[in-house]
Amino acid sequence: MSEMSSDKTTKTDRVGVYICYCGGNISDHVDVEAVRNRVEKMPGVAVARTEMFMCSDPGQEMIIEDLKSGKIDRVVVASCAPSLHETTFRDAIKRAGSNPFIYEHANIREQVSWVHHGDTATNKATVLIASATAKAKRLKPLDPIRVEAKKHTTIIGGGVAGIKTALDIAQTGIEVTLIEKSGILGGQLNHLDRLAPSGEKASDILQEFLDQIVNYKNITIHTNCIIENVTGYVGNFRLDVVTKSDNKKFNIDTGAIVMATGSVSYTPYDGEYGFGRHEQVIVLKDLIHILKENKSSGSVLEVNGKPIKNMVMIHCVGSRQIPGIHKPKENGKLNEYCSRTCCAAMLNASNQIRENFPGTGIYEMYRDIRTYGRGQEALYTQASKNKVVFMRYEADALPEITPSPLPDYPLQVKIKDSLTFNEEMDVPVDLVVLATGIEPDDVSGLASMMKLPIGTDQFLLEVHPKLRPVEFPITGVFLAGTCQAPMDAGEACNAAGAAAVKASALLRKGYIELDPFVAQVDIDKCQGHGACVEACLKEGALELIETTIEGKIHKKARVTAALCLGCGACAAVCPEKAIDINGWALKQYEDMVDAIVSDGFAV
Amino acid sequence: MSLVTLDFAEELKEYCGDNAFECFNCGTCAAICPLVHDNFPRRMIRYIQVGARQKILENSDELWRCLHCGLCTQTCPREADPGEIILGLKRFVVANWRKS
């Protein structure tokens, strides 16, 4: 804190500036050598060098040598966007034995050479480097924030993703608590029969998982429990849990949280494809239940005691909905995504029926067959062999279900079949099965407690679908399974494995290091107004505490570094300028602005 | 519009084999056919698949344009033997002509 008290902190005059050609990406538009000549003359710059690729080994070695020889003690690299190589150069500085936070980055590719040309580009590159250099002169060595982390993970949701995450984390020796809101583990697997495409029984897979769980003493399971509140931060979360049966409250202290809250099946609205109006219209989940319970084998499938001579399976119900065509839900939302699992599940059920009850005919009415995964296309081929008749409808002409004029059939399905040259056909049926899609379980309460992002499709949203697929922007909170997107059991287990590895890697050392770009209070200057506490966006990150100085009680602001977002809202409102952000100090900004507005550099 | 006849495939077995279900609607037969346009013989085979019995009777004159050159059978990637199917359909139509 003493460091903060002096605005007069001496500025260094040993900044090293390293300007990258990016193999022509920058140098085709920016006169890199001219920039170097100007930068070299800037006050405080000890060396200015160029390189074809600064991120290459020779480029990094150049920086390391200059640091080691003592020529420089601050580093500015002017190259691509910091998202690409900021870490590269901070690591290089670490390898030279210096503090990685004496580094500043100037983006002269995305912000200059890709959008400007000629002198304009060269001048703007110079200005950006001048401002980065001005900031670099005031940079101080910083230490990462070290937070003690409880070697314990809590998994919310006891479906297949939650169970698999629990097992994989428990294997690494970390304690696991699994919280399930219903009375049993297994989630949607409890409602499935034979899983596509392998044909394994869902109950067998579930049983194998449950047998494994028993072997781990470090897994605690709470069923019938609701989470009332989540507080704390990475390594030190606290969950307030209440049991549904006797309203008993208890706490769980945990280092990391995995959301495995799963999904539900779409419920058709009253009258959608005759659902709710005709008892012969059922959803795929019901059909799977019927097949699971059915012990008889005859030539014809029987449903509710009635023989099914012919049935229609309609794909994409509650999935791939189109604005203006499909009816939105009460909240105005449409499920515009593909639920991915229904095509294979429908074909799987069709094959089971055709192979066990050859007297039952099947028409599958689809928009597109999306058998995307390994072994799934074979299901489609098998269904064709089994003489399942495929008919294709377009979204603007949905099949219609009406009572049949034939005495032998209760219903008929009218379809404009694009495989029969858009001719309209009436198919008489005993049964209509709707392939209802996947919707995320409503976890908006939990999500708002933990500030977790929700996508426009209402599923929980990861940081990046490819680079960080099982992480939330809230450090220490992960996600797995169908709370994120429609997945089959195999994909949910893949995601669970990934989330387990991320959680274990985070907690295994027992402490976590966070970036030091957080607010810091100058105790001497702080008058305890509390304006910063009011402005603070993150609950618990800033508070006023009473402290005794020379026998008198004073109020002073205190930062909980692990919670601070580093947004700077506090620094903006403090009348005493007694609070500032490490690595992004006000004085540093002022110097950057001075450098930008001073004509001297860019000429 | 046409009402699908569910047991049509069964009825047709008397007149031709059930190769029609090998067809995956690629259209090669219709492309190679030198005589008749408008998706012949592809459309007829599709009618068998879905059970559009009435449609076949309604459009039966198409069947007699076929010269049985055999190009469709030679080129069919699924060995559905379209030429033989057309012959079978002729037998079916003759047997059912103006019955109703």
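Label-to-label distance for B:Glu14 and A:Arg558 is 9.5 nm, based on points extended 7 Å past Cα in the beta-carbon direction.
Neighbouring Cβ atoms from other chains, within 10 Å of the Cβ of residues in A:413-419, number 2 on average. In region B:1-94, the convex hull through the Cα atoms has an average projected area of 5.4 nm², a quarter of its surface area. Shielding by partners for peptide B:48-55, expressed as the average number of C-beta atoms from other protein chains within 10 Å of each residue's C-beta, is 4. The value of relative contact order for region A:11-143, using C-alpha pairs under 8 Å at least six residues apart, is 33 percent. Can you tell me the FRET efficiency between B:Glu84 and A:Val501 if r is taken as the Cβ-Cβ distance and R0 is 45 Å, rounded to the nearest 0.05? For B:Glu84 and A:Val501, the calculated efficiency is 0.15. Along region B:85-99 the Karplus relation, 6.51 cos²θ - 1.76 cosθ + 1.60 evaluated at θ = phi - 60°, assigns HN-Hα couplings of 4, 5, 4, x, 5, 4, 4, 4, 5, 4, 5, 10, 4, 6, 5 Hz to successive residues, with x for each Gly and Pro. Taking the alpha-carbon centroid of each part, what is the distance from region A:70-133 to region A:332-407 in angstrom? Using only Cα atoms, the two centres lie 56 Å from each other. Computed from Cα positions, the angle between helix A:57-68 and the longest principal axis of chain A comes to roughly 40 degrees.
The alpha-carbon of A:Lys292 sits under 16 angstrom from the alpha-carbons of these lysines, leaving out residues fewer than 8 places away in its chain: A:Lys201. Considering only A:Val303, A:Ala569, A:Pro405, and ranking their Cα positions along the charge dipole of the protein assembly as shown that arises from unit charges at the beta-carbon of Lys, Arg, Asp and Glu, the one farthest toward the positive end is A:Ala569. With the gyration tensor restricted to C-alpha atoms of region A:246-401, the semi-axes of the equivalent ellipsoid amount to 31, 22, 18 Å, longest first.
Could I have the simple spin-label model distance between A:Thr456 and A:Arg508, label points 7 Å from Cα toward Cβ, reported in nm to one decimal? For A:Thr456 paired with A:Arg508, the spin-label model returns 3.9 nm. Protection proxy ranking for A:133-142, A:322-331, using the average of other Cβ atoms within 10 Å per residue and placing the highest first: A:133-142, A:322-331. Once the dipole of region A:267-437 is set up with Lys and Arg at +1 and Asp and Glu at -1 on Cβ about the Cα centre, which of A:Val388, A:Cys342, A:Gly276 lies farthest towards its positive end? The residue sitting most towards the positive pole is A:Cys342. Ordering A:Ile290, B:Ile48 by accessible surface, largest first, gives A:Ile290, B:Ile48; the 1.4 Å probe counts only protein heavy atoms, with every chain in place. Put simply, the amide H of A:Gln412, placed in the peptide plane, has neighbours under 5 Å in A:Thr402, A:Ser404, A:Val429, leaving out anything fewer than 5 places away on its chain. Which angle from 0 to 90°, rounded to the nearest 10, does the C-alpha axis of helix A:586-597 make with the longest principal axis of chain A? Roughly 80 degrees between the two axes. Positive-end ranking of A:Phe421, A:Ala149, A:Phe209 along the dipole of chain A, with charges on Cβ about the Cα centre, is headed by A:Ala149. Backbone phi angles across region A:553-563, fed through the Karplus curve with coefficients 6.51, -1.76 and 1.60 (θ = phi - 60°), yield HN-Hα couplings of 8, 10, 9, 9, 6, 10, 9, 9, 4, 5, 8 Hz in residue order; Gly and Pro are listed as x. Per-residue packing, averaged as other Cβ atoms within 10 Å, sorts the ranges A:492-504, B:77-89, A:55-67 into the order A:492-504, B:77-89, A:55-67, beginning with the highest. Angle of helix A:118-138 to the longest C-alpha principal axis of chain A, folded into 0 to 90 degrees and rounded to 10: 70°.
In chain A, the DSSP-assigned H stretches of four residues or longer account for a calculated mean residue ellipticity at 222 nm of -8500 deg cm²/dmol, using -39500 (n - 2.57) per stretch and the full residue count as denominator. Hey, how many Å between the Cα centroid of region A:552-581 and the Cα centroid of region A:498-520? Here the answer is 24 Å between Cα centres. Only aspartates and glutamates eight or more places from B:Lys13 in sequence, or on another chain, were considered; those with a Cα closer than 19 Å are B:Glu22, B:Glu79, B:Asp81, B:Glu84.
Of the peptides A:411-418, A:343-350, the ranking by mean beta-carbon count within 10 Å, highest at the top, reads A:343-350, A:411-418. Determine the shape class of chain A: with a ≥ b ≥ c the square roots of the Cα gyration tensor eigenvalues, call it rounded for a/c under 1.5, and otherwise prolate if a/b is greater than b/c, oblate otherwise. Taking the square roots of the gyration eigenvalues as a ≥ b ≥ c, chain A is prolate. Counting lysine pairs in region A:15-163 that sit 8 or more residues apart in sequence, or on different chains, and whose Cα atoms lie under 29 Å apart gives 24. Between the C-alpha center of region A:227-294 and that of region B:3-36 there is a gap of 48 Å.
Of all lysines in the structure, those lying under 17 Å Cα to Cα from A:Lys416, and not within fewer than 8 positions of it along the same chain, are B:Lys55. Inter-chain Cβ neighbour count for B:3-9, averaged per residue, equals 6 (cutoff 10 Å, partner chain atoms only).
The values are calculated or read from the model by the stated rules, or taken from the named source; none is laboratory data. Values in this document were obtained by computation on a predicted structure and should not be read as measured data. Glycine also receives a Cβ, built like all others from the backbone with ideal geometry; neighbour counts cover every protein chain displayed. Accessible surface areas use protein heavy atoms only, side chains included; no ligands, DNA or RNA. Shrake-Rupley method; radii C 1.70, N 1.55, O 1.52, S 1.80 Å.
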